[in-house]
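The values are calculated or read from the model by the stated rules, or taken from the named source; none is laboratory data. Note that the coordinates shown come from a computational prediction; the quantities given were computed from them, not determined experimentally. Heads up, the Cβs are rebuilt from the backbone with ideal geometry, glycines too, and the neighbour counts pull from every protein chain shown.
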Amino acid sequence: MLSPLPAYGCGVPVYSPNARVVNGEDAIPYSWPWQISLQYEKDGAFHHTCGGTLIAPNWVMTAGHCISTSRQYEVVVGEYDMSSAEGSEQRIPVPTEGIFVHPKWNPTCVACGNDIALLRLSHTAELSDKVKLGCLPPQGDVLSNDYPCYISGWGRLYTNGPLPSKLQQALLPVVDYAHCTKLDWWGPFAIQQSMICAGGDIRSGCNGDSGGPLNCQASDGRWQVHGIASFVSALGCNALKKPTVFTRVSAFSPWIEETIANNS
C-alpha cells in the first residue's frame with residue numbers, strides 16, 4: 001500500500017539545529033522548518049495558540065486540545081520571530097471542514113490520551129529552505145529511556161513567564177513508560193502506552209507549546225517527530241519527576257494515514 005506521507009525530503013533542515021543547547025533558548029532560525037504556529041481569529045486579528053507540525057504540503061498535525069469548533073484558524077509556516085515580518089511566513093487558512101480531531105479525544109479527560117488532530121489546509125504550503133516537512137516515525141516505534149529529543153515552540157520561557165517572540169528549543173530526554181508510570185513520577189493512571197514522556201527536570205516543557213513537536217534524530221540523521229505536546233504538571237512546566245507528556249505519534253500512524261488518504 002502506498003503511504004500518502006512523503007518518505008523523502010522530510011526531516012532534513014537546511015539550517016542545522018543547535019544540538020548542544022541544554023536549557024531552553026532561541027532556536028537557530030528555521031532549524032525546525034516543519035514547526036508551524038496555529039493561530040485563531042479574535043476581533044479581526046489572528047493570535048498564536050498552539051504549535052504543530054507540517055507533515056504534508058497541505059496537512060498539519062497538532063493536539064486535539066488545541067482545537068475548538070467555534071473558532072476560525074489559520075496556520076503560519078516559515079515563522080521564526082513573531083514580532084517581525086521576515087518575508088518567509090505563509091499564512092494559510094484552515095477551513096472548518098478541514099479539521100479532523102481524533103474521534104476518541106475527550107476534552108474532559110486529557111489523561112485518557114488520543115490528544116491528536118489533523119488539519120487540512122485550504123491550499124498547499126510552498127516548500128523552501130525555511131519550510132520543510134517533518135518525518136513521522138515508523139508505526140509502533142518506541143524510543144529508549146534518555147533518548148535525546150528537542151521540544152520546539154513559542155511556549156512560555158518558565159512557569160507563568162512571558163511568551164517569547166522567537167522560536168525556542170530545549171533538550172528533553174525521553175523518560176520511558178516504566179519510569180514515567182512510577183508512583184513518584186506521573187504514576188500509572190495519568191500515562192497511557194500511547195503517550196511519550198520527556199524531560200522532568202529544570203528544562204521541562206515550557207519552551208514548547210501545546211500541539212508542538214518533540215523532535216528526535218534517527219540513526220540516518222533525519223529528524224522525526226515522535227511526540228505532540230499534550231500536557232504538563234499543574235505544579236508548573238519544570239516540576240521534578242513530572243516530565244512533559246506528549247501524544248506518541250507512532251501509536252497513531254494508522255489513523256494519520258487513513259485520515260489523510262480518505263480526505264485528500
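Observations on the model:
- Filtering the range 212-231 for residues that are within 19 Å of P188 (Cβ to Cβ) and not in a strand (DSSP E or B) leaves an empty set.
- Just one residue in the set T259, T181 is modelled with pLDDT of 95 or more and either more than 17 Å from A111 (Cα to Cα) or assigned by TED's automatic domain parsing to the domain that holds A63 (or both); that residue is T259.
- Tabulated pairs, the range 19-32, first among the aromatic types (F, W, Y) and in a loop (DSSP other than H, G, I, E, B), second at pLDDT below 95 and surrounded by fewer than 12 Cβ atoms within 10 Å (Cβ to Cβ), C-beta under 8 angstrom, 6+ apart or interchain: Y30/V14
- Here the strands (runs of 3 or more DSSP E) wholly within the range 90-192 that include at least 2 residues being over 18 Å from the mean Cα position of the chain (by Cα) are 90-94.
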